[in-house]
Each structure stands twice: as structure tokens, then as C-alpha cells.
Amino acid sequence: MALELMASGGPDAITLRAIAREMGMTANAIYGYFATRDDLVTTLINDVYTALADAVDASWDTAPANSPTERIQAWAHAFRNWALAHPEGFRLIYGDPVPGYRAPDGGAAPDAARRVCTGLAGLADAAWPHAEHLYADSDFDWPDFAPGLVDKVRLAFPDLPPAAVALALRIWGRLHGLVSLEIYGHLHTQTTSPEKLFQEELRALLRSLGIAPGN
């Protein structure tokens with residue numbers, strides 16, 4: 001319901017009163033479920049972000065563990081497919097801020113954010129045996145990254161070096177960038193085949209990681 005309001009009126013359309021009206025409830029009645037609008041938005045972000053994390057985690061788990069190519073492709077396609085199926089949700093967690101919203105300490109969806117972050121680090125970890133020699137001149141060190149990111153990555157992948165963490169961020173930029181352009185409608189004015197463009201970018205990404213098809 002809140003995402004439908006956001007789709008029709010933007011993020012500032014998400015109010016308890018508007019949601020109560022759409023649900024045929026009084027404004028007072030909906031306060032029995034959410035004390036404040038921020039509580040509602042936090043719940044909404046957590047639910048949406050968790051759904052995304054579930055989708056990319058499932059794709060990773062079903063791809064062959066011995067094939068970094070298939071695992072990276074599966075994660076990338078799951079991310080794009082989820083975004084295309086839930087554009088308002090994508091905009092809520094990655095784009096349009098809800099005016100006046102203040103997230104709780106630790107963020108609105110810390111577990112989902114950790115899972116997506118770990119998934120991205122997992123892409124770099126899968127590619128690193130093939131890509132390491134390509135980044136031998138990298139001068140990244142742990143202080144170059146936010147402590148929260150370092151804690152997540154080192155807990156999940158203790159042997160992953162800083163250069164591979166930087167690689168994970170670059171992978172994120174390439175995948176997220178094209179998907180964002182597509183969700184916000186920018187690609188549709190430039191190409192009739194955004195899916196083909198995404199596929200080409202994904203193949204270019206794999207080549208940049210030193211991964212040949214079938215690895």
C-alpha cells in the first residue's frame with residue numbers, strides 16, 4: 001500500500017493518514033500498528049530490502065559453487081530482475097528519500113544491508129583467484145574503507161585483501177549504475193534493448209575480472 005502511494009505521488013506521499021484512507025481505516029486506528037510515520041517507513045524499508053536480499057541470496061545458492069562466472073551472472077540477473085519487478089521498492093532503498101524520515105540507529109534494515117554487502121564481497125571473492133594478478137598494483141589498504149564495511153567483509157571473508165574489497169565496490173558500481181538508469185527511465189530514451197546492454201556490460205565485467213566463460 002505504501003509503495004503504491006509512493007509510485008503515484010512520490011516518497012512524500014507516504015503518510016499514515018494517506019495509508020489509513022487507502023485501507024478504509026481511520027487515522028487513529030492505524031496508530032495501533034505504527035506509532036509514527038517513521039516506524040512505518042522503517043518497517044517498509046526493512047521488508048523491501050529483505051526481499052531483495054532473499055532474491056540475490058537464493059540466486060547465489062543455486063549457482064554452481066565451482067563456477068564464478070555462473071555465480072556472478074546469477075547474482076547480477078537476480079538483482080536486476082528484482083529491481084524491474086519492484087521499481088518502487090528499488091527507489092525506496094536506493095534512490096528517493098522519504099522527506100523528513102529519520103532512520104533508527106544502525107539503519108532501517110541492517111541485516112538485509114549486511115547480506116547484500118556480503119553478497120557483493122562474495123562476487124569479488126569468487127573472482128579474486130582469476131583477477132588478483134590484474135590488480136597487483138592496487139594500493140588500497142583497510143583505512144581506505146568505512147569501518148562498518150571492513151567489519152562485515154573481514155568477518156565473512158577473512159582472507160580477502162583490501163584490493164578485492166575495492167574490486168567489490170567497482171562491481172557494485174557497474175551493476176547498480178545500469179540498473180538505476182533503467183529503473184529511472186533514462187535508458188529507455190536511449191536504447192530499445194536495455195537487457196542486451198546489461199548483458200554486454202556483464203560480459204565486459206567478467207572479462208575485466210580475468211574470467212573466461214565456463215570458469
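The values are calculated or read from the model by the stated rules, or taken from the named source; none is laboratory data. The model shown is predicted, which means the values in this text are computed figures rather than measured ones. As a convention, Cβ positions derive from the backbone with ideal geometry for all residues, glycine included, and neighbour counts pool all protein chains shown. Accessible surface is based on the protein model in full, side chains and every heavy atom, while ligands, DNA and RNA are left aside. Shrake-Rupley method; radii C 1.70, N 1.55, O 1.52, S 1.80 Å.
Within region 92-117, the set of residues being of a type in the set (Gly, Ala, Ser) and open to solvent by less than 60 Å² (accessible area, probe 1.4 Å) comprises Gly95, Ala103, Gly107, Ala108, Ala109, Ala112, Ala113.
Kindly provide the set of residues from region 147-204 that are exposed (fewer than 15 other Cβ atoms within 10 Å of the Cβ), closer than 21 Å to Ile93 by Cα and either of a type in the set (Ser, Thr, Tyr) or in contact with a Gly (Cβ under 8 Å, 6 or more places away or on another chain) (or both), ordered by number. The one that is exposed (fewer than 15 other Cβ atoms within 10 Å of the Cβ), closer than 21 Å to Ile93 by Cα and either of a type in the set (Ser, Thr, Tyr) or in contact with a Gly (Cβ under 8 Å, 6 or more places away or on another chain) (or both): Tyr184.
Of all residues in region 71-95, none that is farther than 14 Å from Val56 by Cα has its Cβ atom under 9 Å from the Cβ atom of a residue that is of a type in the set (Lys, Arg) and open to solvent by less than 50 Å² (accessible area, probe 1.4 Å), 6 or more apart or on another chain. Taken over region 155-168, the residue count meeting the criterion of being free of Cβ contacts under 8 Å to residues at least 12 places away in the same chain and either assigned to a helix (DSSP H, G or I) or of a type in the set (D, E, K, R) (or both) is 2.
As for region 118-128, it holds no residue that is under 27 Å from Thr50 (Cα atoms) and surrounded by fewer than 17 Cβ atoms within 10 Å (Cβ to Cβ).
Answer yes or no as to whether Gly89 is open to solvent by 30 Å² or more (accessible area, probe 1.4 Å), more than 23 Å from Arg203 (Cβ to Cβ) and either within 12 Å of the chain's Cα centre (by Cα) or β-branched (Val, Ile, Thr) (or both). Let's see the steps before the verdict.
Working: open to solvent by 30 Å² or more (accessible area, probe 1.4 Å): no; more than 23 Å from Arg203 (Cβ to Cβ): yes; either within 12 Å of the chain's Cα centre (by Cα) or β-branched (Val, Ile, Thr) (or both): yes.
No: the conditions fail for Gly89.
If you filter region 52-80 down to residues that are assigned to a helix (DSSP H, G or I) and surrounded by fewer than 16 Cβ atoms within 10 Å (Cβ to Cβ), you find that the one that is modelled with the lowest pLDDT is Asp61.
Please indicate, with yes or no, whether at least one residue in region 128-151 is of a type in the set (Val, Ile, Thr) and under 24 Å from Glu201 (Cβ atoms). Within region 128-151 (the criterion being of a type in the set (Val, Ile, Thr) and under 24 Å from Glu201 (Cβ atoms)), the answer is no, since none of the residues qualifies.
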